[in-house]
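Student: Please read through the structure below; I'll follow up with questions.
The values are calculated or read from the model by the stated rules, or taken from the named source; none is laboratory data. Because the structure is predicted, anything quoted here is derived from the model rather than measured. Ideal geometry is used to build each Cβ from the backbone, glycine not excepted, and the neighbour counts take in all protein chains shown.
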Amino acid sequence: MILRRTLVVLAALGVLAGCSDKDKVVEKPAELVDLNATLAVQKLWSSSVGGGGEKLRLALGIAEDSGVLYAAARDGKVRAIDAATGRTRWDADTEAELSAGPAAGDGLLVVGTTGGSVIALEAETGKQRWRVNVTGEVLAAPLVAGDRIIVRSVEGRLRALNAADGKEAWMVEDIVPRLTLRGTSPPVRSGDVVLCGFDSGRVMAVAIGTGDILWQAQVSSPRGRTELERLADIDAAVRVAGDEVYAVGYQGRVAMIALDTGQLWWARDLSSYSGMSVDDSQLYIANSDGEVVALRRRDGGTVWQQTGLRRRALGTPVVHAGAIVVGDFDGYLHWMDRESGRFVARERPGSARIAAAPVVVGDRLFVMDEGGKVVAYAGGGAAGR
């Protein structure tokens, strides 16, 4: 059942990306124009954990904890890397087809598999601590939340596993439409609450300790006559800033939600499957057309819209070195000024697509492409200094 649903979704994505009427011209990816970099970006080191996940829309990326980076590859390899030097601390082989993670915290490293397994490793050594099976492919990075591991799987279920042994502590679920995008929203923690988006267009807040559903907010509602038109998945991670929650859905809306009650404070039409980042006053979204949009947090008003990356299959934007940086399908990283959206720097770590959100720690940015290449950059100051 899961295999059949995945094949249907991949076909649907192909229709959305490439089909047209006879008289309609398919828009090509925007060509990159030369730029005079005004932000200094320096490559520090690179490493490789192996690839094999290209074009599968896997949720493999990197995680950072206490100065160590952790990266996972489709073929089951997991690597721990010193964030300062790029030197390998250990390598491990889970002997599984990995599809999501890693997540790191509290001495654990957790990954998910295409076969519905969750694997916990010791962060210090890479030694396997436990492995359990859950129903459905895991296509979102798990969350390490103290004595709980929170896992979202493709059949609409959000589970809490005991960190000590992997036994299930609680489970909640939501309705899964007949047709969905390939991907799921990763769980996000805020205090003793976990928040997660679902394929129904809802965001759910759940108590980590008990599994009680605290509230549900409908961000995107299915609209249209066909199943393709009615896709309304929330596959991107929600973002929490203070007592505000931000979420965006595909073919739907972006909304600000009250963390304590689930009340929608504002919402506006906008479509995204890759996600957003937030700073003190604005949120930055890579929309479905490949445009990067900056919105005011207080009311959702548009600050700027960068159209120079249209159709370049953008990943999740992040804030780095006072700018916004996002990766594309051709392996480029693009830095944009936060106030104007103007391009200020560009780098190309490799030739494979960058889908996973880069990780930012201080002035360092760490990125992994779908070929498994991990690169570290430092940024700050004016270029040419």
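Student: Taking the range 27-47 on its own, how many of its residues are touching a Lys or Arg at 6+ places or on another chain (Cβ under 8 Å) and of a type in the set (A, V, I, L, M, F, W, C)? Lay out the reasoning, then the answer.
Tutor: Step one: filter the range 27-47 for residues touching a Lys or Arg at 6+ places or on another chain (Cβ under 8 Å), giving 27-30, 32, 35, 37, 40, 44, 46-47.
Now restrict to residues that are of a type in the set (A, V, I, L, M, F, W, C): 30, 32, 35, 37, 40, 44.
Selection size over the range 27-47: 6.
Student: Within the range 169-187, can one find any residue that is basic (Lys, Arg) and touching a strand residue (DSSP E or B) at 6+ places or on another chain (Cβ under 7 Å)? First the steps, then the outcome.
Tutor: Step one: filter the range 169-187 for residues basic (Lys, Arg), giving 178, 182.
After this cut, where a residue has to be touching a strand residue (DSSP E or B) at 6+ places or on another chain (Cβ under 7 Å) as well, the list is none.
No, there is no match, as no residue in the range 169-187 is basic (Lys, Arg) and touching a strand residue (DSSP E or B) at 6+ places or on another chain (Cβ under 7 Å).
Student: For Glu27, which of the numbered conditions (1) loosely packed, with under 15 Cβ neighbours inside 10 Å; (2) more than 27 Å from Met336 (Cα to Cα); (3) among the acidic types (Asp, Glu) fails to hold?
Tutor: (2)
Student: Take Ala382 and tell me if it is surrounded by fewer than 23 Cβ atoms within 10 Å (Cβ to Cβ) and under 17 Å from the mean Cα position of the chain (by Cα).
Tutor: So Ala382 fails the test.
Student: If you go through the range 353-379 one residue at a time, how many are crowded, with 19+ Cβ neighbours inside 10 Å and either among the acidic types (Asp, Glu) or in contact with a helix residue (DSSP H, G or I) (Cβ under 6 Å, 6 or more places away or on another chain) (or both)?
Tutor: 2
Student: Sticking with this structure for a sec: Every residue in the range 260-290 that is closer than 22 Å to Gly242 by Cα and part of a loop (DSSP other than H, G, I, E, B), please.
Tutor: Of everything in the range 260-290, those that are closer than 22 Å to Gly242 by Cα and part of a loop (DSSP other than H, G, I, E, B) turn out to be Asp260, Thr261, Gly262, Gln263, Gly275, Asp279, Asp280, Ser281.
Student: Of these, Gly146, Gly86, Gly101, which one is in contact with a Phe, Trp or Tyr (Cβ under 9 Å, 6 or more places away or on another chain) and surrounded by fewer than 18 Cβ atoms within 10 Å (Cβ to Cβ)?
Tutor: Gly86
Student: What is the residue count in the range 240-259 for residues that are among the charged types (D, E, K, R) and assigned to a strand (DSSP E or B)?
Tutor: 2
Student: Still on this structure: Show me the strands (runs of 3 or more DSSP E) entirely contained within the range 79-155 in which 3 or more residues are within 18 Å of the chain's Cα centre (by Cα) and small (Gly, Ala, Ser).
Tutor: By residue number, 98-105.
Student: Collect the residues in the range 271-283 that are more than 30 Å from Ala207 (Cβ to Cβ) and either buried (at least 18 other Cβ atoms within 10 Å of the Cβ) or in contact with a helix residue (DSSP H, G or I) (Cβ under 6 Å, 6 or more places away or on another chain) (or both), keeping them in residue-number order.
Tutor: The initial filter retains those residues of the range 271-283 that are more than 30 Å from Ala207 (Cβ to Cβ), namely 271, 281-282.
Selection gives Ser271, Gln282.
Student: Please go through the range 215-227 and give me each residue that is touching a strand residue (DSSP E or B) at 6+ places or on another chain (Cβ under 6 Å) and surrounded by fewer than 17 Cβ atoms within 10 Å (Cβ to Cβ), ordered by number.
Tutor: Quick first cut of the range 215-227, residues touching a strand residue (DSSP E or B) at 6+ places or on another chain (Cβ under 6 Å) only: 215-220.
Correct list: Gln216 only.
Student: Take the residues in the range 52-83 that are modelled with pLDDT under 90 and buried (at least 19 other Cβ atoms within 10 Å of the Cβ); name whichever of them is farthest from Pro186 (Cα to Cα).
Tutor: Filtering first and then ranking leaves Gly53.
Student: Another question, then. Output the residue which, of all residues in the range 159-184 that are farther than 12 Å from Val206 by Cβ, surrounded by fewer than 21 Cβ atoms within 10 Å (Cβ to Cβ) and β-branched (Val, Ile, Thr), is nearest to the chain's Cα centre (by Cα).
Tutor: Looking at the filtered set, the residue picked out is Val176.
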